[in-house]
Structure formats: C-alpha cells, structure tokens
1. Looking only at Cα atoms, what is the convex hull volume of the chain per residue, in Å³?
2. May I ask you to evaluate 6.51 cos²θ - 1.76 cosθ + 1.60, the Karplus curve with θ = phi - 60°, for each residue of region 22-34 and list the ³J(HN,Hα) values in order in whole Hz, giving x for glycine and proline?
3. Extending each Cα 7 Å along its Cβ direction at ARG82 and ALA137, get the distance between those two points in nm, one decimal.
4. Return the loop-located GluC sites (Glu not before Pro) in region 83-149 (DSSP other than H, G, I, E, B) with at most 13 other Cβ atoms within 10 Å of their own Cβ; answer none if there are none.
5. Which trypsin sites (Lys or Arg not before Pro) in region 53-149 pass both tests, a DSSP loop state and at most 11 other beta-carbon atoms within 10 Å?
6. Given 0.36 nm per residue, what is the gain on full extension from LEU32 to ASN53 after removing their alpha carbon distance, in nm?
7. Would you calculate, for the chain, the mean residue ellipticity at 222 nm contributed by helices, counting each DSSP H stretch of 4 or more residues as -39,500 (n - 2.57) and dividing by all residues, to the nearest 500?
8. How large, in percent, is the carbon and sulfur part of the accessible surface of region 91-149 at a probe radius of 1.4 Å?
Amino acid sequence: QERSFIAIKPDGTQRRLVGEIIARFEKKGFKLVGIKILVPTPEHAAKHYEDLNKKPFFNGLVKFFSSGAVVAMVFEGKDVVRTGRVLIGATDPSQSAPGTIRFDLCIETGRNIIHGSDSNESAAHEIALWFKEDEIANWVSTNPVYEKM
Ligand code: GTP
Ligand code: MG
C-alpha cells in the first residue's frame, strides 16, 4: 500500500484543528497507520525541509515549525501521496480550491497548518525521518469498501 507522511503544523495544533484534519483523511478512506505528537527540534525541522534550505523563508519556516506541537502521521491508501495533496490544497491558501483543508481553514502561506509529502520518494524519506518501522501499525482493513474488489 502506498504511504504518505502527513503532519499538522504548530498552527493547526494551536488552533485545535487536529481532529478536523484527521477526519478529512479518514472520511476519504485513508488508513492511519502511524501517529505521534511532539515538539520538533530546530535541527529536525531543518532536516524535514532541507530541500528548501536556499529559500529566503527557510529560517522562518524552521523556526515556526519547531515552535510548538506537530502531529506526525503516516496514512496509507491508493494514490495517497497525490490525493492527499489534493485534500490539502495549494501551498498558498488563497490559491487553493474551496473544499480543501487549506482553503477552508487558513489564510497565510506561512501558516498553512498541514504538510503532505510531494512524491513517493519524499514520503519514504520523511517517514524514515519521523518514525521507526515498529511505530507503524500494519493493520488490515476488513471493510471491503476501502479496498479494490
Ligand atoms: P509542505 O506540505 O509544508 O511541504 O508545503 P508545500 O509542499 O505545499 O510547499 P513547499 O514544500 O514548497 O514549502 C514548504 C512550506 O514552506 C509551505 O507549506 C509554506 O508554509 C512555506 N512556504 C513556501 N513558500 C513560501 C513563501 O513563498 N513564503 C513563505 N513565507 N513561506 C513559504
Ligand atoms: Mg512541500
């Protein structure tokens, strides 16, 4: 099963949007297989966003991401990386589509409440950065609605 790393950023946690955000992924049908809450160190935040380290907003991004509690999750499901990004919406909430998490729940690019892996390769990299393999629950979906018949 395809996996994506999804994280609720400190603004999402501060705004008590954890349940709302998880609900959107669950209602879609994605399977939650890993979850924890932690305050990332700045070093961990910088590693997570290392591909952006030449950007002018990098320092602010790292500072903000490590400023509070992050809910780190792994969701599984068909096409979850791409479809998860559709659920999340565009980076700039003002450019995102109505019905997406970022359109419905936030305004600022720098306070866009949720992260989602942008490729299968970055998903694998990010899951390894945030989770040990034994922190991921390999439970089987018994409801056939969520699986290909
Ligand atoms: P993530 O899911 O968090 O990785 O967002 P993304 O994939 O939609 O965007 P990207 O990876 O390019 O940027 C990571 C994060 O950096 C964004 O979610 C924003 O919070 C922040 N960011 C990106 N571009 C800008 C920008 O132009 N200005 C500011 N202030 N922040 C930005
Ligand atoms: Mg990104």
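The values are calculated or read from the model by the stated rules, or taken from the named source; none is laboratory data. What you are looking at is a predicted structure, and each value in this text was computed from that prediction instead of being measured. We place every Cβ from the backbone using ideal geometry, glycine too, and count neighbours over all the protein chains shown. For accessibility, only protein heavy atoms count, side chains too; no ligands or nucleic acids. Shrake-Rupley method; radii C 1.70, N 1.55, O 1.52, S 1.80 Å.
1. Dividing the Cα hull volume of the chain by its residue count gives 108 Å³.
2. In residue order, the calculated couplings are 4, 4, 5, 5, 5, 5, 4, x, 6, 9, 7, 10, x Hz.
3. 2.9 nm
4. Those satisfying the criteria are GLU108.
5. Here the trypsin sites (Lys or Arg not before Pro) that fit, given the DSSP loop and packing criteria, are LYS54, LYS132, LYS148.
6. The span from LEU32 to ASN53 would gain 4.6 nm if fully extended.
7. The helix-only estimate for the chain comes to -10000 deg cm²/dmol at 222 nm.
8. For region 91-149, the apolar C and S fraction of the accessible surface comes to 55 percent.
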